[in-house]
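Q: Sharing a structure with you now.
The values are calculated or read from the model by the stated rules, or taken from the named source; none is laboratory data. Every value quoted in this text rests on a predicted model; they were computed, and no experiment measured them. So basically every Cβ, Gly included, is an ideal-geometry build from the backbone, and we count neighbours across all protein chains shown.
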(Lines give C-alpha, C1' and ligand atoms only; values in the text may rest on other atoms or scores of the structure.)
Protein backbone atom coordinates (compact mmCIF):
# COMPACT_ATOMS: atom_id res chain seq x y z
CA UNK A 1 0.00 0.00 0.00
CA UNK A 2 1.44 3.36 -1.03
CA UNK A 3 1.94 5.99 1.67
CA UNK A 4 -0.33 9.03 1.36
CA UNK A 5 1.46 12.17 0.17
CA UNK A 6 1.13 15.21 2.42
CA UNK A 7 -0.66 18.31 1.21
CA UNK A 8 2.00 21.00 1.19
CA UNK A 9 1.55 24.49 2.57
CA UNK A 10 3.22 26.11 -0.46
CA UNK A 11 2.30 25.58 -4.12
CA UNK A 12 5.12 23.28 -5.27
CA UNK A 13 4.27 23.36 -8.97
CA UNK A 14 7.55 25.00 -9.99
CA UNK A 15 8.43 23.14 -13.19
CA UNK A 16 10.80 20.64 -11.52
CA UNK A 17 10.28 17.69 -9.18
CA UNK A 18 9.34 19.26 -5.86
CA UNK A 19 10.02 18.26 -3.19
CA UNK A 20 13.26 16.78 -4.48
CA UNK A 21 13.28 13.02 -4.98
CA UNK A 22 15.85 12.58 -2.19
CA UNK A 23 13.73 14.41 0.40
CA UNK A 24 12.86 12.29 3.41
CA UNK A 25 10.18 12.19 6.09
CA UNK A 26 11.29 13.35 9.54
CA UNK A 27 11.55 10.67 12.20
CA UNK A 28 9.74 12.47 15.02
CA UNK A 29 12.83 12.26 17.23
CA UNK A 30 15.42 14.53 15.65
CA UNK A 31 15.25 18.08 16.98
CA UNK A 32 15.37 20.97 14.50
CA UNK A 33 15.71 24.70 15.12
CA UNK A 34 14.42 27.81 13.38
CA UNK A 35 15.20 31.39 14.31
CA UNK A 36 12.21 33.70 14.68
CA UNK A 37 13.09 37.38 14.59
CA UNK A 38 10.33 38.71 16.81
CA UNK A 39 7.00 38.13 18.41
CA UNK A 40 5.10 35.00 19.18
CA UNK A 41 5.14 31.79 17.19
CA UNK A 42 2.68 31.94 14.32
CA UNK A 43 2.20 30.24 10.99
CA UNK A 44 4.16 33.10 9.36
CA UNK A 45 7.28 32.00 11.29
CA UNK A 46 7.38 28.94 9.05
CA UNK A 47 7.25 30.48 5.59
CA UNK A 48 10.06 30.10 3.06
CA UNK A 49 13.07 32.30 3.66
CA UNK A 50 13.28 34.92 0.93
CA UNK A 51 16.84 35.16 -0.47
CA UNK A 52 18.56 38.47 0.10
CA UNK A 53 19.35 40.39 -3.07
CA UNK A 54 22.68 41.61 -1.66
CA UNK A 55 24.02 38.04 -1.29
CA UNK A 56 24.66 35.27 -3.82
CA UNK A 57 22.30 32.32 -3.78
CA UNK A 58 23.68 29.24 -2.01
CA UNK A 59 25.05 26.47 -4.20
CA UNK A 60 22.20 24.11 -5.08
CA UNK A 61 19.44 26.68 -4.63
CA UNK A 62 16.58 26.20 -7.09
CA UNK A 63 12.90 27.05 -7.50
CA UNK A 64 11.89 24.08 -5.36
CA UNK A 65 14.15 25.03 -2.46
CA UNK A 66 12.72 28.54 -2.75
CA UNK A 67 9.43 26.99 -1.55
CA UNK A 68 11.01 25.40 1.54
CA UNK A 69 11.60 26.57 5.11
CA UNK A 70 15.19 26.77 6.38
CA UNK A 71 15.78 24.80 9.57
CA UNK A 72 18.85 23.39 11.29
CA UNK A 73 19.41 20.08 13.08
CA UNK A 74 22.03 21.57 15.42
CA UNK A 75 21.62 24.69 17.52
CA UNK A 76 25.31 25.64 17.42
CA UNK A 77 25.34 25.09 13.65
CA UNK A 78 22.41 27.46 13.29
CA UNK A 79 23.95 30.07 15.57
CA UNK A 80 27.24 29.92 13.68
CA UNK A 81 25.47 30.23 10.32
CA UNK A 82 23.20 33.12 11.31
CA UNK A 83 24.91 35.06 14.11
CA UNK A 84 28.68 34.60 13.74
CA UNK A 85 29.42 38.33 13.34
CA UNK A 86 30.75 40.11 16.44
CA UNK A 87 27.89 42.64 16.63
CA UNK A 88 25.56 39.77 17.65
CA UNK A 89 27.54 38.84 20.79
CA UNK A 90 25.51 39.21 23.97
CA UNK A 91 22.20 39.62 22.12
CA UNK A 92 19.16 37.52 22.97
CA UNK A 93 17.57 35.51 20.19
CA UNK A 94 14.43 33.39 20.10
CA UNK A 95 14.45 30.03 18.37
CA UNK A 96 11.76 27.47 17.73
CA UNK A 97 12.48 23.91 18.77
CA UNK A 98 10.83 21.46 16.38
CA UNK A 99 10.34 17.71 16.54
CA UNK A 100 8.88 17.07 13.14
CA UNK A 101 6.93 13.95 12.24
CA UNK A 102 6.06 12.54 8.80
CA UNK A 103 2.72 14.41 8.83
CA UNK A 104 4.66 17.72 9.01
CA UNK A 105 6.20 17.40 5.53
CA UNK A 106 9.58 16.30 4.17
CA UNK A 107 13.20 17.45 4.55
CA UNK A 108 16.45 17.50 2.69
CA UNK A 109 19.94 18.47 3.89
CA UNK A 110 20.90 21.38 1.65
CA UNK A 111 23.81 23.70 0.94
CA UNK A 112 27.34 23.60 2.31
CA UNK A 113 26.32 23.72 5.97
CA UNK A 114 25.75 20.08 7.01
CA UNK A 115 23.28 21.25 9.68
CA UNK A 116 21.03 23.15 7.23
CA UNK A 117 17.88 21.46 5.98
CA UNK A 118 15.16 22.57 3.60
CA UNK A 119 11.73 21.63 4.91
CA UNK A 120 8.68 21.42 2.67
CA UNK A 121 6.00 22.07 5.25
CA UNK A 122 2.67 20.30 5.07
CA UNK A 123 -0.68 21.89 5.78
CA UNK A 124 -1.00 19.46 8.69
CA UNK A 125 1.92 21.06 10.60
CA UNK A 126 0.60 22.55 13.85
CA UNK A 127 2.57 25.67 14.79
CA UNK A 128 0.59 26.06 18.03
CA UNK A 129 2.50 23.23 19.72
CA UNK A 130 5.99 24.53 18.85
CA UNK A 131 8.25 25.22 21.80
CA UNK A 132 10.58 28.21 21.89
CA UNK A 133 13.89 28.83 23.57
CA UNK A 134 15.61 32.14 24.28
CA UNK A 135 19.37 32.08 23.86
CA UNK A 136 22.15 34.60 24.34
CA UNK A 137 24.77 34.72 21.58
CA UNK A 138 28.23 34.08 23.01
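Q: Would it be correct to say that residue 12 is part of a loop (DSSP other than H, G, I, E, B), more than 13 Å from the chain's Cα centre (by Cα), surrounded by 12 or more Cβ atoms within 10 Å (Cβ to Cβ) and free of Cβ contacts under 8 Å to residues at least 60 places away in the same chain?
A: Here the answer is no, as residue 12 does not meet what is asked.
Q: Would you point out which residue out of 134, 138 is at negative phi and either surrounded by 14 or more Cβ atoms within 10 Å (Cβ to Cβ) or modelled with pLDDT of 85 or more (or both)?
A: 134
Q: Test residue 69 against the stated conditions and say whether it is touching a residue at least 12 places away in the same chain (Cβ under 8 Å), under 14 Å from residue 111 (Cβ atoms) and in contact with a helix residue (DSSP H, G or I) (Cβ under 8 Å, 6 or more places away or on another chain).
A: yes
Q: Restricting to the range 99-108, name every residue that is touching a strand residue (DSSP E or B) at 6+ places or on another chain (Cβ under 7 Å) and not in a strand (DSSP E or B).
A: 100, 103, 104
Q: When you look at residue 76, is it closer than 14 Å to residue 32 by Cβ and loosely packed, with under 15 Cβ neighbours inside 10 Å, yes or no?
A: So residue 76 fits the description; yes.
Q: Would you check if there is a residue in the range 48-61 being in contact with a strand residue (DSSP E or B) (Cβ under 7 Å, 6 or more places away or on another chain), in a loop (DSSP other than H, G, I, E, B), without any contact (Cβ under 8 Å) to a residue 40 or more places away in the chain and surrounded by 13 or more Cβ atoms within 10 Å (Cβ to Cβ)?
A: Yes, the range 48-61 has at least one match.
Q: Looking at 111, 125, which one is at pLDDT 95 or above, in a loop (DSSP other than H, G, I, E, B), touching a helix residue (DSSP H, G or I) at 6+ places or on another chain (Cβ under 9 Å) and under 23 Å from residue 12 (Cα atoms)?
A: One residue alone meets the criteria, 125.
Q: Still on this structure, please answer the following. Can we say residue 82 is in contact with a helix residue (DSSP H, G or I) (Cβ under 8 Å, 6 or more places away or on another chain) and either in contact (Cβ under 8 Å) with a residue 24 or more places away in the chain or not in a loop (DSSP other than H, G, I, E, B) (or both)?
A: no
Q: Report the residue count in the range 22-47 for those that are exposed (fewer than 10 other Cβ atoms within 10 Å of the Cβ) and either in contact with a strand residue (DSSP E or B) (Cβ under 8 Å, 6 or more places away or on another chain) or assigned to a loop (DSSP other than H, G, I, E, B) (or both).
A: 6
Yes or no, residue by residue, for (1) in contact with a helix residue (DSSP H, G or I) (Cβ under 8 Å, 6 or more places away or on another chain); (2) assigned to a strand (DSSP E or B); (3) within 20 Å of residue 42 (Cα to Cα):
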| residue | (1), (2), (3) |
| --- | --- |
| 90 | no, no, no |
| 97 | no, yes, yes |
| 120 | yes, yes, yes |
| 134 | no, yes, yes |
